[in-house]
1. Which order results if 379, 59, 174 are arranged by neighbouring Cβ count within 10 Å, fewest first?
2. Output the Kirkwood hydrodynamic radius of the range 484-590, Cα pairs only, in Å rounded to one decimal.
3. Extending each Cα 7 Å along its Cβ direction at residue 232 and residue 306, get the distance between those two points in nm, one decimal.
4. As a footprinting exposure proxy, order 102, 392 by other Cβ within 10 Å, with the fewest listed first.
5. What is the dipole size for the chain, taken about its Cα centre, with +1 at each Lys and Arg Cβ and -1 at each Asp and Glu Cβ, in debye to the nearest 20?
6. What do you get for the angle between helix 184-196 and the principal long axis of the chain? Use alpha-carbon atoms, 0 to 90 degrees, nearest ten.
7. Sorted by packing (mean other beta-carbon atoms within 10 Å per residue), highest first, where do 508-515, 229-236 land?
8. If packing is taken as the average number of other Cβ atoms within 10 Å across a peptide's residues, how do 207-215, 519-527 rank, most packed first?
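Where a number appears in this text, it was derived from the coordinates with a stated rule and is not lab data. Please read all numbers here as calculations on a predicted model, not as lab measurements. Here Cβ is always computed from backbone atoms with ideal geometry, including for glycine, and neighbour counts include all displayed protein chains.
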Amino acid sequence: MTGEAWLQIGLLMLVVLLLAKPVGAFLARVYEFQPLFGLDKLFGPLERGIYRLCGIRMDDEQNWKQYAAACLVFNFLGFLAVYAIQRLQGSLPLNPAGMKALPPSLAFNTAASFITNTNWQNYAGESTMSYGTQMAALTVQNFLSAATGMAVLVALLRGLARKTTSGIGNFWVDVTRSVLYVLLPICVIFSLILVSQGVPQTLERYVHVKLVQPFEPAAATGAAARPGAVTSQTIAIGPVASQEAIKELGTNGGGFFNANSAHPFENPTGLSNFLEETAILLIPLAFCYTFGRMVGDTRQGWAIMAAMVILLLAFMIPCVITEQAGNPLLAKYANQRQTTLQPGGNMEGKEARFGPINSAIFVSTATGTSTGAVNSMLDSFTPLGGLFPLWLIQLSEVAPGGIGSGLYGMLMFVLVTVFIAGLMIGRTPEYLGKKIEAFEMKMASIAILVPPSLALLGAAVACVIAPGVAGIANPGAHGFTEILYAMTSQANNNGSAFAGLNGDTPFYNIVGGLIMLIARYWTIIPPLAIAGSLARKKIVPAGSGTLSTHTPLFVFVLLGIIVVVVALTFFPALALGPLAEQLQTFAGHF
């Protein structure tokens, strides 16, 4: 790996880690109702007005069942709103290009995608979605689905920190404060920065321009345009910067344009690319420090942050290496040296302004979280280059995972690790002074096992029935990887696409939508149930046999548990997809 690659990765991690503590401390103040440096005075009247309008009392605590019910109702209403707007967009305002209503199956998939923070896109936004739909349906849900994950995490943290109580907070209050005091202010600032880099933010109609040189059959010879030649082009613009900001900060991933962050209007410069990577990682890692502050031991947060960063780098670095190495088949069949034929590495499917290094870093960042944004074509990565982002998703999105969801997903692995370690030393497992018993283990097991089960089941079904096989664009191992990636991405609420798979069919829309819904809420309800159970328990004083959960040894054991669970679950499928394709490459076959 080149020095430039090491510098890019090192600079990204340095900036994010320097920002994690102050941002994490601010998040703790938000959820502990402490002064917010003037923001509470600015947004306080609006916050209180929302509560009065909705009949919510800030001091009205909910138990875990009430909290979960409020979460489900809120998300169901969001689903109905997004579905209805898509089906009616042809009759709604802010439709400058005259977009028509979306088909029912595609509207269902998109609604499921955006309320679950998956943001899987089986559509081309600039040619399918009106401004009204992009803003009122998709951008709004980018805020609300991110806030849902944040609220669930905070409820779990309260369950760990409190004792002998049934209350874990109020869902409506937590969502409101997440949007008003965290997501909205940061997104306003980030949107202005993106506009300064060239990202559009407008409600003007699409722009029609005359081409400098008409397309064929105009003379490449310089003759005037002939009848039938393309002489003009429609350039899609719109309120892009605002959606791009929350797309990255909320670890959403749903782009305004079909090309997502590879589009020059979403990600125009090297600086915007770096800032978007920073935005993706910032809040998920900052929440680790928030966790430490809320449970009264910041060492716990630093230990989990260390595990997340180690996992991310363990897959990001080899992804960069494989893409910088290029495709050995090109050199072999061209009878040239690799460095001569591909001096910069594998450029297929990548933007020239980013190249293999920044493409691999961005993709690893997006798949390590639940963002799903891409600035290159994963379908054109080398087999191993595509394997590492896929594996990051299969880690259950904990490296560092989505905004809120990554940390509560990691805490499920922490509970499993504590339980296994406790059994090994013959002591009742404890975490932060709370005994981890059968109920907590059942809930943690459900949260960990549901997404991979759905991913593998969906991929198996798609490989054996005609509607599933019909969507494959490439035969053999590569085609299987396309299906496995799509199902894994949706089951883990990531949303990035390997591409090459025709996902906009009734089969993939309906099956994918169901997978996203089941995976999201069967990984939300168990943490809330655990929060309620732990909140009722007393805190047991630490003894000589208590397992220290902030040490390098614990981090090592935690990483081992995560890797073993993922390896045992997905390795057979990976052997049929990217690993088989890599072996074919070594053998000299396409």
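1. 59, 379, 174
2. 18.1 Å
3. Going from the residue 232 label point to the residue 306 one covers 6.3 nm.
4. 102, 392
5. 1220 debye
6. Orientation of helix 184-196: about 20 degrees from the principal axis.
7. Peptide ranking by packing, descending: 508-515, 229-236.
8. 519-527, 207-215
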